[in-house]
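Visitor: Once you've had a glance at the structure underneath, I'll fire off some questions.
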Amino acid sequence: MGEVTKAKLEAIRNLDLSAVENIQRALENLSKLNPRINAFIGPNPDAIAQAEAIDKKLNRGEQVGKLAGLAIGIKSNINVKGLRATCASKTLEDYVSTYDAEVIKRILNEDGIIIGMTNMDEFACGSSGETSAFGATDNPAASGYIPGGSSSGSAAATSAGISDLCLGSDTGGSIRNPASHCGVVGVKPTYGLVPRQGLIDLAMSLDQIGPFAPDVYGAALLLEVIGGFNPNECVMLDVREVSYVDKLKEDLRGMRIGTSQKFRELTDPRIMKIIDSAIEKLQDLGAEIINVELPHLEKGLPSYYLIMSVEFFSATRKFDGRKYGKRIEDVCGDEVLRRILRGRYISRKEYRGKYYQRALQVRTIIREELMAALKKVDVIVGPTVPKLPHKLGTSLTPMEMYAYDYLTIPANLAGVCGGVIKAGELGGIPVGLQVQGKVLGDGEMLRVLHAYEVNA
Amino acid sequence: MKMLIGFEVHQQLNTDRKMYCDSPTNYQDVPPNTNVCPICTGMPGSKPMPPNERAVNAAIEIALLFGCRVITDELIYIQRKHYDYPDLPSGYQRTSLPIGINGELQGVRIREVHMEEDPGQYDPTLGTVDYNRSGVPLVEIVTEPDMHSPEEARKFLRQLVRVLEYSGKVRPEAGGAMRTDTNISLEGGGRVEVKNINSVKGAYRAIKFEIIRQKSKLERGESVTRETRAFLESQKITVSMRVKELEEDYRYIPDPDIFPLIIDKARVEAIRASMVEPPYLREQRLVKQYGIESTAASVIVSERELADLFEAVAKEIDPKLAATWFRTKLKKVLNYMKLRAADVKFTPEHIVDLLQMVDDCEITPEQGELILRQLVKHPNDPRKILQELGLDRIKPEELRAAINGVVSANPDAVRDYQAGREEALHFLAGKVMKLTHGRADARKIIELLRTKIMGEK
C-alpha cells in the first residue's frame, strides 16, 4: 500500500514509462470511464503536448520537477488558463480562464500535467456531487452511491485511477467528505497555507485548496508543491519552506492523539466501529490516545451555514449577467439559489446582530474549543462523515444533506488542517478516518495518515 | 431659517499603482481597458493583493492634515459595500473603516477620513465599461453638518481642496478627480443628500438650489422628506434618486480576503514628522514669523509652491516688501498668464535680485513689474532682462530733453496747468512716460515737469 505515486514517479524518471504514455493512458481511461462516472467536465487538449515537452527534458537527462509526468485533475472552480472554470454551473459554462491560479503555476512549474477539469457540486454547494449542472458523479468505489462532495469529480477520478493526483477545495468538508466516500486520501490544509489566488470563491474565510491522491505520499508531495507563501494575496500565513514527504514515518512513537466522545454521539455506530479499530491501530503504532472535550462541536453546523451563505452571497455578486452572459440567480440550481437567498436575507442591516454576528461568535467558540484540544494533543482523530452515503438520486431535505458536514466543518471554522484516509468498508462502501491537526501541523497530520496507511 | 450643511468628499490619491493590484493608475492617458488585470476587473477567483502601502500612508497624512486622530493599534477592517452597477466589477466596493476621526478645518468638524477604491467608468449611451479607473485608491473625508450657508460651505470646500492639493498626495487634476456628496437640512425638514457633484462651484449651486427648493416646500406647508438626490450639472438642479424607505442596504461585511489594517504609532509619527504644513497653519506662521499682513499671507499660502517661493525670498530680503509683491504683482502676473506657481521656472534668487533693485531705487516698481512678466515667460537674470527690454534707467539729459519736447509740443496743457488744473500735469507726465518707454520714475517726471513749467521756487 501507499507506493502508487512514488512508483509512478520513479518509472517516469527512469524512463520505464514515458510521460506521454502516462497521459495517454489517463486520457484513454477518462474516455472509457467518464461516460459512466462523470468525473470530468472537460479534458485538456494540450495535455499530450505538455507530456512531450517533459519527455524531451527527461530524454536529454535534464532536471525535471517533483511532479514530472503525473496526470493531474483540477476541480472546476480553479482557474487554468485556456480551460473552462465552469464551477459546474450554467452561470459560467462559457467562462474560459484568462489566467492560471497560483497553485496551477506551481504545479506546472514542477512539471505536473493537467489532464482536465473535474466535476463538482455547483459552485461547491453540496455534499453529494449531485448539484452539478453537468450531471451527478458516480462513486467508483461503490457504484450507485454518491461520491460525496463538493469535490466529487476529483475524488472519483482519483478513486477510479484516471488521474494520478487531483486538486479539490474544502470549505466545510468538500475534500474530506468525498475522499471518505471514495476511499482515497484527501487533505484540507491549514487555512492560509495554500494560495487561493485563482480559486473561485464559495466562502473566502473557509475555502482552502488541497490534494487528492491514491496514497499519502502523493497527497504530501502535491501539498508540498502548492503550499507556501504567495506575496500576491493578503490572507496567507508566512510559511516559506514546506516539506512533508521526507517527514513521513512508519511509526507513531511519542505522538499524542486525541479523540472525543462527541464523535460517537453524532455518528452511525457502524461507522464508529471501523473508526474505533483504526484508533486501536494507531495506539499499536506507539501513539498515546487521549480523550479531548469538544462540547460545542455540533453547533458548528448552523454557524457554518450562516457564515458561508453571507460570504457566498457577496462572492456571487459579480455574476450579475453583464460579464459572463448569465445572471447567477436566473440559471443556478436550487442549492446555490438557497444559499444566495439565505445570505442576502441574513446580511440585511436589521438582522446583522441576530444572525451573522452570532454565527461569528459561535465560530470563535468552536475555534477556541478546537485550539484548546489541540494544545493537549498533536492531532485529533475520528470519523469524517457521520453517516453512510445515500444512493444517487435519493431525495434529501436540505437539513439531511447538511448533516453530512457535522464532523468536517469545525476544522474550517477553526482554520486547522484535516486529512482523510480509508479505514475500512461497510457493505462495500469506504469509510474514512479523519485526522485533524494544529495550525501548520500539516506535517504531523500527514505523518499519522502515512503510519496508518503503511500498517493497515 | 436655520440650516445644516455637511460634505462627503472623495479624492483620488496619486499613487502609481492601484489599491489592491499592480496595475498602473494613469487611466486617462491610455486606451480603455488596458491598465487592467484579473484583480481590478474582478475575474472569477481573483483575490486582492495586500493594500497599497503608499495609499495608506497618504490617507494617514491627509487625516493628520485635517487634525484627525489616526486610529492606531486597532483593527481597521476593509469592508465590502455591495451594490449593483455596471462599473463595479465584483458587485461590491472595498471601503475601509475610519483611518482618522475627530478632525477640524475652519471650524468645521471632520467626522472621519477613510479609504475606498474607485469603480470603473460606465458609459450608459454606449453601454460600455472602462476598467482602467477600477481600483484607483480614493480617500473620503466626511464632515459633520457644521456649515450654515451656501457661502460658508463654498469657502470651506475651497479650503478643503486647498489642503488636499497642498498635501501633494492627491491627483493634481482636481477638477475631475474630486467628487463630493453634500447633505442639506433646513429646520423642520428632513435631511437631503445630494450626490454627483464634481466641483466647488457645483456644490455651491446644488446647495443654493436645494435651499430654495426645500424652503418653498416648507413655506407651502409641505414636508421635506429624507431622500437622496442627484445634481444635474448641466441644468444646475437636483432630482430625486430614492427616498429613505428605498435606501439601499449595502450589506457591509469585512472583506475576508484582506487582513484588517493595523497602523502603529511609529508609522503615524514618521508621517507626521515629514508631512507638509497645512495652509491654514502656514498662514498663521507666516504672519508671525515674517510680520506680514494676514491678507498677504492668505494669498501667499493659496498655493504650496507660491508659499515655498515666498519663504525662500523672505530669507534674503525685507519680508514685507516681498509679501506686497507676492500679493499684488506676482499673483497678478500669474493670474493674467493663467499659470500656477508650480509651473514657474525662475528661481527665488531672481525674485530676490529684482526686489533688491526696486528697493535700491535702481528701477521703478512699474519697471519691476515689466521685468517680472518677462521673468515668468523666460527666466533670466533680472538685470539682463532690464537691458534686453531697454529699461535701464534713463540718463538725466535724455529725460530733460523729453520733458522739454513735451512741454513745447503741448502749450494748451501747459497753460491749463498754469491756470491751476492739476490733471493737466498728469496728462503731460503720461506723454513723457510714453516717450521714455516707462524708463523714468513717475515721481521724478512730475517733479521735473513742475519745475520746468512753474520755474524753480
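The values are calculated or read from the model by the stated rules, or taken from the named source; none is laboratory data. Quick caveat, the model's predicted, so the values are computed rather than measured. Positions of Cβ are backbone-derived with ideal geometry, glycine not excepted, and every protein chain shown enters the neighbour counts.
Visitor: Considering only residues of the stretch A:367-396 that are free of Cβ contacts under 8 Å to residues at least 40 places away in the same chain and charged (D, E, K, R), which is nearest to A:A414 (Cα to Cα)?
Guide: A:E368
Visitor: I'd like to check something: does the stretch A:311-323 contain any residue that is surrounded by fewer than 18 Cβ atoms within 10 Å (Cβ to Cβ) and in contact (Cβ under 8 Å) with a residue 40 or more places away in the chain?
Guide: No, the stretch A:311-323 has no match at all.
Visitor: I would also like to ask the following. Looking only at residues that are closer than 15 Å to B:E8 by Cβ and β-branched (V, I, T) in the stretch B:183-213, which one is farthest from the chain's Cα centre (by Cα)?
Guide: If we take residues in the stretch B:183-213 being closer than 15 Å to B:E8 by Cβ and β-branched (V, I, T), then B:V192 is farthest from the chain's Cα centre (by Cα).
Visitor: Here is a follow-up. Any idea which residue in the stretch A:154-176 is surrounded by the most Cβ atoms within 10 Å (Cβ to Cβ), counting only those that are more than 26 Å from A:V416 (Cβ to Cβ) and not aliphatic (A, V, I, L, M)? Don't jump to the end; show me each part of the working.
Guide: Keep residues of the stretch A:154-176 that are more than 26 Å from A:V416 (Cβ to Cβ), which gives A:156-157, A:160-164.
Narrowing further to those that are not aliphatic (A, V, I, L, M): A:161, A:163-164.
Details: A:G161: 16, A:S163: 31, A:D164: 28.
So, considering only residues that are more than 26 Å from A:V416 (Cβ to Cβ) and not aliphatic (A, V, I, L, M), the one surrounded by the most Cβ atoms within 10 Å (Cβ to Cβ) is A:S163.
Visitor: What single numbered condition from (1) within 14 Å of chain B (Cβ to nearest Cβ); (2) surrounded by fewer than 18 Cβ atoms within 10 Å (Cβ to Cβ); (3) in contact with a helix residue (DSSP H, G or I) (Cβ under 8 Å, 6 or more places away or on another chain) fails to hold for A:A359?
Guide: Evaluating A:A359 over (1) within 14 Å of chain B (Cβ to nearest Cβ); (2) surrounded by fewer than 18 Cβ atoms within 10 Å (Cβ to Cβ); (3) in contact with a helix residue (DSSP H, G or I) (Cβ under 8 Å, 6 or more places away or on another chain) leaves (2) as the failure.
Yes/no matrix, rows are residues, columns are (1) in contact (Cβ under 8 Å) with a residue 40 or more places away in the chain; (2) touching a helix residue (DSSP H, G or I) at 6+ places or on another chain (Cβ under 7 Å):
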| residue | (1), (2) |
| --- | --- |
| A:S31 | no, no |
| A:N38 | yes, no |
| A:D46 | no, no |
| A:A53 | no, no |
| A:K57 | yes, no |
| A:G61 | no, no |
| A:A68 | yes, yes |
| A:G73 | yes, yes |
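Visitor: Report the residue count in the stretch A:75-101 for those that are basic (K, R), touching a residue at least 60 places away in the same chain (Cβ under 8 Å) and within 12 Å of chain B (Cβ to nearest Cβ).
Guide: So the first thing to find is which residues in the stretch A:75-101 are basic (K, R), and the list is A:75, A:81, A:84, A:90.
Narrowing the set further to residues that are touching a residue at least 60 places away in the same chain (Cβ under 8 Å) leaves A:75, A:90.
Cutting the leftovers down to within 12 Å of chain B (Cβ to nearest Cβ) gives us A:75.
Looking only at that region, the number is 1.
Visitor: Being in a loop (DSSP other than H, G, I, E, B) and either of a type outside the set (K, R) or modelled with pLDDT of 95 or more (or both): is that true of A:G443 here? Break it down stepwise before answering.
Guide: Numbers: in a loop (DSSP other than H, G, I, E, B): no; either of a type outside the set (K, R) or modelled with pLDDT of 95 or more (or both): yes.
Against the criterion (in a loop (DSSP other than H, G, I, E, B) and either of a type outside the set (K, R) or modelled with pLDDT of 95 or more (or both)), A:G443 does not qualify.
Visitor: Quick check on this structure: which one of A:S277, A:S243 is more than 14 Å from chain B (Cβ to nearest Cβ), surrounded by fewer than 21 Cβ atoms within 10 Å (Cβ to Cβ) and assigned to a helix (DSSP H, G or I)? Step through it out loud before you land on a result.
Guide: Working: A:S243 fails: assigned to a helix (DSSP H, G or I).
From the options A:S277, A:S243, the qualifying one is A:S277.
Visitor: Still on this model: Here are the criteria: (1) crowded, with 21+ Cβ neighbours inside 10 Å; (2) of a type in the set (F, W, Y); (3) without any contact (Cβ under 8 Å) to a residue 40 or more places away in the chain. Tell me which single one B:F156 does not satisfy.
Guide: Checking B:F156 against (1) crowded, with 21+ Cβ neighbours inside 10 Å; (2) of a type in the set (F, W, Y); (3) without any contact (Cβ under 8 Å) to a residue 40 or more places away in the chain, the one that fails is (3).
Visitor: Output the residues belonging to the stretch A:325-352 that are within 13 Å of chain B (Cβ to nearest Cβ), surrounded by fewer than 18 Cβ atoms within 10 Å (Cβ to Cβ) and charged (D, E, K, R).
Guide: Residues satisfying the conditions are A:R327, A:E329, A:R348, A:K349, A:E350, A:R352.
Visitor: Farther than 30 Å from A:P269 by Cα, away from chain B (no Cβ under 14 Å) and in a helix (DSSP H, G or I), is that true of A:R317?
Guide: Numbers: farther than 30 Å from A:P269 by Cα: yes; away from chain B (no Cβ under 14 Å): no; in a helix (DSSP H, G or I): yes.
Considered against the rule, which asks whether it is farther than 30 Å from A:P269 by Cα, away from chain B (no Cβ under 14 Å) and in a helix (DSSP H, G or I), A:R317 comes out as no.
Visitor: Right, here's the next one. Can you tell me which residue within the stretch A:420-433, out of those that are over 18 Å from the mean Cα position of the chain (by Cα) and buried (at least 17 other Cβ atoms within 10 Å of the Cβ), is farthest from A:A373 (Cα to Cα)? Spell out how you get there, then give the answer.
Guide: Step one: filter the stretch A:420-433 for residues over 18 Å from the mean Cα position of the chain (by Cα), giving A:424-429.
Then keep just the ones that are buried (at least 17 other Cβ atoms within 10 Å of the Cβ); that gives A:424, A:429.
Details: A:G424: 26, A:I429: 31 Å.
The extreme case among them is A:I429.
Visitor: Does the stretch A:283-299 contain any residue that is surrounded by fewer than 22 Cβ atoms within 10 Å (Cβ to Cβ), of a type in the set (K, R) and in contact (Cβ under 8 Å) with a residue 40 or more places away in the chain?
Guide: Scanning the stretch A:283-299 turns up at least one residue that is surrounded by fewer than 22 Cβ atoms within 10 Å (Cβ to Cβ), of a type in the set (K, R) and in contact (Cβ under 8 Å) with a residue 40 or more places away in the chain.
Visitor: Report, by residue number, each residue of the stretch B:24-61 that is among the small types (G, A, S) and more than 31 Å from the chain's Cα centre (by Cα). Steps first, answer last, please.
Guide: Going residue by residue through the stretch B:24-61, those that are among the small types (G, A, S) are B:42, B:45-46, B:55, B:58-59.
Answer for the stretch B:24-61, where residues must be among the small types (G, A, S) and more than 31 Å from the chain's Cα centre (by Cα): B:G42, B:G45, B:S46.
Visitor: Report yes if A:R363 is more than 30 Å from B:T128 (Cβ to Cβ) and free of Cβ contacts under 8 Å to residues at least 40 places away in the same chain, otherwise no.
Guide: On the way: more than 30 Å from B:T128 (Cβ to Cβ): yes; free of Cβ contacts under 8 Å to residues at least 40 places away in the same chain: no.
When the stated conditions are applied, A:R363 does not pass them.
Visitor: Moving to a separate point now. Can you confirm whether B:I258 is in the same structural domain as B:G100 (by TED's automatic domain parsing) and either part of a loop (DSSP other than H, G, I, E, B) or touching an Asp or Glu at 6+ places or on another chain (Cβ under 7 Å) (or both)?
Guide: On the way: in the same structural domain as B:G100 (by TED's automatic domain parsing): yes; either part of a loop (DSSP other than H, G, I, E, B) or touching an Asp or Glu at 6+ places or on another chain (Cβ under 7 Å) (or both): yes.
Criteria met by B:I258.
Visitor: Next question, about the same structure. For the stretch A:132-146, give me the residue count where each residue is under 11 Å from A:D121 (Cα atoms) and crowded, with 24+ Cβ neighbours inside 10 Å. Explain how you work it out, then say what you get.
Guide: Of the residues in the stretch A:132-146, the ones under 11 Å from A:D121 (Cα atoms) are A:132-137.
Next, from what is left, pick out any that are crowded, with 24+ Cβ neighbours inside 10 Å: A:132, A:137.
The total comes to 2.
Visitor: Out of the stretch A:400-419, which residues are buried (at least 23 other Cβ atoms within 10 Å of the Cβ) and of a type in the set (A, V, I, L, M, F, W, C)?
Guide: Filtering the stretch A:400-419 for residues buried (at least 23 other Cβ atoms within 10 Å of the Cβ) gives A:404-414, A:416-419.
Residues satisfying the conditions are A:L407, A:I409, A:A411, A:L413, A:A414, A:V416, A:C417.
Visitor: Restricting attention to the stretch A:397-412, which residues are in contact with a helix residue (DSSP H, G or I) (Cβ under 9 Å, 6 or more places away or on another chain) and either without any contact (Cβ under 8 Å) to a residue 24 or more places away in the chain or within 24 Å of A:Y244 (Cβ to Cβ) (or both)?
Guide: Within the stretch A:397-412, the first condition is being in contact with a helix residue (DSSP H, G or I) (Cβ under 9 Å, 6 or more places away or on another chain), and the residues that meet it are A:398, A:401-412.
Of everything in the stretch A:397-412, those that are in contact with a helix residue (DSSP H, G or I) (Cβ under 9 Å, 6 or more places away or on another chain) and either without any contact (Cβ under 8 Å) to a residue 24 or more places away in the chain or within 24 Å of A:Y244 (Cβ to Cβ) (or both) turn out to be A:L407, A:T408, A:P410, A:A411, A:N412.
Visitor: What tally of residues in the stretch B:114-162 results from selecting those that are assigned to a helix (DSSP H, G or I) and of a type in the set (A, V, I, L, M, F, W, C)?
Guide: Residues of the stretch B:114-162 assigned to a helix (DSSP H, G or I): B:131-133, B:150-162.
After this cut, where a residue has to be of a type in the set (A, V, I, L, M, F, W, C) as well, the list is B:153, B:156-157, B:160-161.
The qualifying residues number 5.
Visitor: I'm trying to understand the selection: among the residues of the stretch B:357-395, which are of a type outside the set (V, I, T), assigned to a loop (DSSP other than H, G, I, E, B) and farther than 15 Å from B:M337 by Cβ?
Guide: Within the stretch B:357-395, the subset of a type outside the set (V, I, T) is B:357, B:359-362, B:365-370, B:372-375, B:377-384, B:386-393, B:395.
If we keep only those that are assigned to a loop (DSSP other than H, G, I, E, B) too, we end up with B:360-362, B:378-381, B:389-393, B:395.
Hits for the stretch B:357-395 are B:D360, B:C361, B:E362, B:N380, B:D381, B:L389, B:G390, B:L391, B:D392, B:R393, B:K395.
Visitor: Would you be able to tell me the number of residues in the stretch B:428-443 that are in a helix (DSSP H, G or I) and surrounded by fewer than 17 Cβ atoms within 10 Å (Cβ to Cβ)?
Guide: Restricting attention to the stretch B:428-443, the residues satisfying the condition of being in a helix (DSSP H, G or I) are B:428-435, B:442-443.
Remaining after also requiring surrounded by fewer than 17 Cβ atoms within 10 Å (Cβ to Cβ): B:430, B:434, B:442-443.
The total comes to 4.
Visitor: Collect the residues in the stretch B:237-287 that are surrounded by fewer than 17 Cβ atoms within 10 Å (Cβ to Cβ), of a type in the set (D, E) and at pLDDT 95 or above, keeping them in residue-number order.
Guide: Across the stretch B:237-287, the qualifying residues are B:D264, B:E269.
Visitor: Go through the stretch B:78-110 and give me each residue that's surrounded by fewer than 16 Cβ atoms within 10 Å (Cβ to Cβ) and among the aromatic types (F, W, Y).
Guide: B:Y83, B:Y85
Visitor: What single numbered condition from (1) within 30 Å of B:P51 (Cβ to Cβ); (2) modelled with pLDDT under 95 fails to hold for A:P231?
Guide: Answer for A:P231: the failing condition is (2).
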